[in-house]
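> Mind looking over this structure? Questions follow.
The values are calculated or read from the model by the stated rules, or taken from the named source; none is laboratory data. Just so it is clear, the structure is predicted and the values come from calculations on it, not from any experiment. Don't worry about glycine lacking a Cβ; one is built from the backbone with ideal geometry, like all the others, and counts go over all protein chains shown.
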Amino acid sequence: MDHLMQMVLLMLEGTEVTLEIFVVTFILVLPLGLFAALGRLSSLRLLNRALELYIWIMRGTPLMLQLLFVYFALPMVGIKLPDIAAALLAFTLNYTAYFAEIFRAGIQAVPKGQYEAAHMLGLSKVQTMWRVVIPQMIRNVLPPMSNETINLVKDTSLIYILAMNDLLRVARTIVQREFDMTPFVVAAVFYLVMTAVLTWGFHRLEAHFGRYAM
Amino acid sequence: MEEMVMTDAAFAADAAAADAAMQELRLPMVTMRGIQKSYGGKPVLKDINLRVFAGDVLAILGPSGSGKSTLLRCLCHLESIDDGYIGVLGQTYAGEDDIGGVSYVAGEAERQILGHMGMVFQQFNLFPHMTVFENLMLAPVHVKHIPRDEAEATAIAMLRKVGLEEHRDKYPGQLSGGQQQRVAIARALCMHPDIMLFDEPTSALDPELTGEVLRTMRQLADENMTMLVVTHEMPFAHDVANKIMFMADGVVVESGSPEEFFEHPQQERTKAFLQSRL
Ligand SMILES: Nc1ncnc2c1ncn2[C@@H]1O[C@H](COP(=O)(O)OP(=O)(O)OP(=O)(O)O)[C@@H](O)[C@H]1O
Ligand SMILES: [Mg+2]
């Protein structure tokens, strides 16, 4: 029993690293993704094209490769980041691209008539976005956002290859040391708890933002 | 003594002259001159001219695709004209610019001119994530910066006017189409416009719900609101409008008073159109 307790405590420490990557990435990705989406929708051609290229690269290559690039390739050109910063950079760059596409679709789903009504009432562009379009976008993006957020939790396990002691790596270390499969089961339970909490949270948000009919 | 007795003809001429004089005195609310507009090389408005005076109710009629919506939308810069002049309450809204093109005034000047106009859309275009009351309060508070209590008083008065004060805390999606359209009218009125534009305000409604919206519009006309109404409701045009404009293929085919237009149409196209609407 004591042994199990000790194992769980070790794994909770690993979970802390996992959660840190998840929470920081998630918080950064929300505004960055929104700005990238607005940039994609803007009429500034250069910005538009640059973001298109960025999103294409980020979504078209494996996150694992991007992680390795930031971690191993950047130091070769003299950019040496602390481990955690390297991981956060790779995750943020990657997930910003996905969230940008989700936000873009969410904004485009807001009918043209909403902009026209705002124009007639004299709302500025910023007011139109902030008070009319984005609140309706939030409702549109919650379901796909929920999926991507759960993917992010699971993708944090990729930092395993960067020799950071996240939940999965701690589990594997114990398994190798003790020839006992229990840590994998415990890790699975931990991941399930995290994704269950997120699923519940997103359901609450969907209920809140879905209170009005379209 | 003899000069005081006028013949009928002289009297009529005199009355017409007086009318014309009155027209001159009345404020031109909307002036559109030589309006041209194409979509991808296809002309949709070909040299449209119109003037609307204070208190006028102009009904714009015409077959589908004749350019009625485009005309109304150009007037409030939801679309841009290619050529011509638009004046609103004596101020230039669109006209020749410094670089030889035609453009609308921008920024604060545009917001100020738009403030004279309220628009009611076929699809209502209420903000679905806001309650009825929030829909009415948004622009007065955040565009006109009217104190909240004052804006609230106006919103309540306008809701009462359209008969929906008990629905103030509902979302648009909880209302019938007719109720939504009346909220849309109230929302426009909360900005105290001088001119109301309507683009087929009842076309998206079930037939049994058009009456309540038309009644609200009729009430506005009775209160001397200046109105431009694109509509297929012939009885409304006949009874409420004081001017009819009939468009086809981007030109004004015929215009006049409802009596002239409905009782004595001059153009073959007008006659055919009226026949088809019987
Ligand atoms: N955004 C647009 N792009 C291209 N063509 C357009 C656009 N809007 C309107 N048109 C075309 O312009 C012409 C006039 O359209 P408009 O909507 O002004 O007609 P309307 O008189 O309002 O017709 P309806 O009674 O069907 O509403 C039509 O041929 C239409 O196809
Ligand atoms: Mg139309």
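> Which of the numbered conditions does B:Glu79 fail, given that it passes all the others? Conditions: (1) within 13 Å of ligand 2 (Cβ to nearest atom); (2) closer than 20 Å to B:His116 by Cβ; (3) among the charged types (D, E, K, R); (4) away from chain A (no Cβ under 14 Å).
The one condition B:Glu79 does not meet is (4).
> Moving on. Using beta carbons and a limit of 6 Å, which pairs, at least six apart or on different chains, have the first residue in the stretch A:142-169 and among the β-branched types (Val, Ile, Thr) and the second one buried (at least 18 other Cβ atoms within 10 Å of the Cβ)?
Correct list of pairs: A:Val153/A:Phe22; A:Val153/A:Met194; A:Thr156/A:Thr18; A:Thr156/A:Ile21; A:Thr156/A:Phe22; A:Ile159/A:Ala87; A:Ile159/A:Asp166.
> Name the single residue that is farthest from the other protein chains (Cβ to nearest Cβ) among those in the stretch A:107-133 being in contact (Cβ under 8 Å) with a residue 60 or more places away in the chain and under 27 Å from A:Leu152 (Cα atoms). Walk me through how you get there before you give the answer.
Here is the first cut: in the stretch A:107-133, the residues in contact (Cβ under 8 Å) with a residue 60 or more places away in the chain are A:107-108, A:129.
This time we only want the ones that are under 27 Å from A:Leu152 (Cα atoms), so: A:107-108.
Details: A:Ile107: 14, A:Gln108: 16 Å.
Checked the stretch A:107-133; the qualifying residue farthest from the other protein chains (Cβ to nearest Cβ) is A:Gln108.
> Here's another thing I want to ask about it. Which residues, counting only those in the stretch B:178-199, are within 13 Å of chain A (Cβ to nearest Cβ) and surrounded by fewer than 21 Cβ atoms within 10 Å (Cβ to Cβ)? Write out each step before concluding.
Going residue by residue through the stretch B:178-199, those that are within 13 Å of chain A (Cβ to nearest Cβ) are B:180-181, B:183-193, B:195-199.
Hits for the stretch B:178-199 are B:His192, B:Pro193.
> For A:Glu52, state whether it is out of contact with any strand residue (DSSP E or B) (no Cβ under 9 Å at 6 or more places or on another chain) and either over 28 Å from A:Glu20 (Cα atoms) or more than 14 Å from every other protein chain (Cβ to nearest Cβ) (or both).
Numbers: out of contact with any strand residue (DSSP E or B) (no Cβ under 9 Å at 6 or more places or on another chain): yes; either over 28 Å from A:Glu20 (Cα atoms) or more than 14 Å from every other protein chain (Cβ to nearest Cβ) (or both): yes.
Yes, satisfied.
> Here's something else I'd like to know. Filter the stretch B:57-105 down to the residues that are among the hydroxyl-bearing types (Ser, Thr, Tyr) and within 12 Å of B:Val230 (Cβ to Cβ) and list them by number.
B:Ser64, B:Ser66, B:Ser69, B:Thr70
> Moving to a separate point now. Taking the stretch B:32-52 as the region of interest, how many residues are away from ligand 1 (no atom under 16 Å from the Cβ) and either of a type in the set (D, E, K, R) or under 14 Å from B:Met245 (Cα atoms) (or both)?
4
> Related question: All but one of (1) touching a residue at least 24 places away in the same chain (Cβ under 8 Å); (2) over 20 Å from A:Glu20 (Cα atoms); (3) away from chain B (no Cβ under 14 Å) hold for A:Val175, so report the exception by its number.
The failed condition is (1).
> Would the stretch B:126-138 turn up any residue that is at the interface with another protein chain (Cβ under 8 Å from one of its Cβ atoms), at pLDDT 95 or above and within 16 Å of ligand 1 (Cβ to nearest atom)?
No: zero hits.
> Pull out all pairs, ordered by first then second residue, where Cβ-Cβ is under 8 Å, the residues are six or more apart or on different chains, the first lies in the stretch B:82-106 and is within 23 Å of B:Val44 (Cα to Cα), and the second is of a type in the set (Asp, Glu) and not in a strand (DSSP E or B).
Listed pairs, sorted by first residue: B:Tyr93/B:Glu110; B:Val102/B:Asp82; B:Ser103/B:Asp97; B:Tyr104/B:Glu110.
> Still on this structure, please answer the following. Can you pull out the residues in the stretch A:76-121 that are more than 21 Å from A:Ile21 (Cα to Cα), surrounded by fewer than 17 Cβ atoms within 10 Å (Cβ to Cβ) and not charged (D, E, K, R)?
A:Met76, A:Val77, A:Gly78, A:Ala105, A:Gln108, A:Ala109, A:Pro111, A:Gly113
> Across the stretch B:53-111, what is the number of residues that are within 15 Å of ligand 1 (Cβ to nearest atom), out of contact with any Lys or Arg (no Cβ under 7 Å at 6 or more places or on another chain) and charged (D, E, K, R)?
2
> A further question follows. Go through the stretch B:147-169 and give me each residue that's farther than 11 Å from B:Glu134 by Cα, surrounded by fewer than 17 Cβ atoms within 10 Å (Cβ to Cβ) and charged (D, E, K, R).
B:Arg148, B:Asp149, B:Glu150, B:Arg160, B:Glu165, B:Glu166
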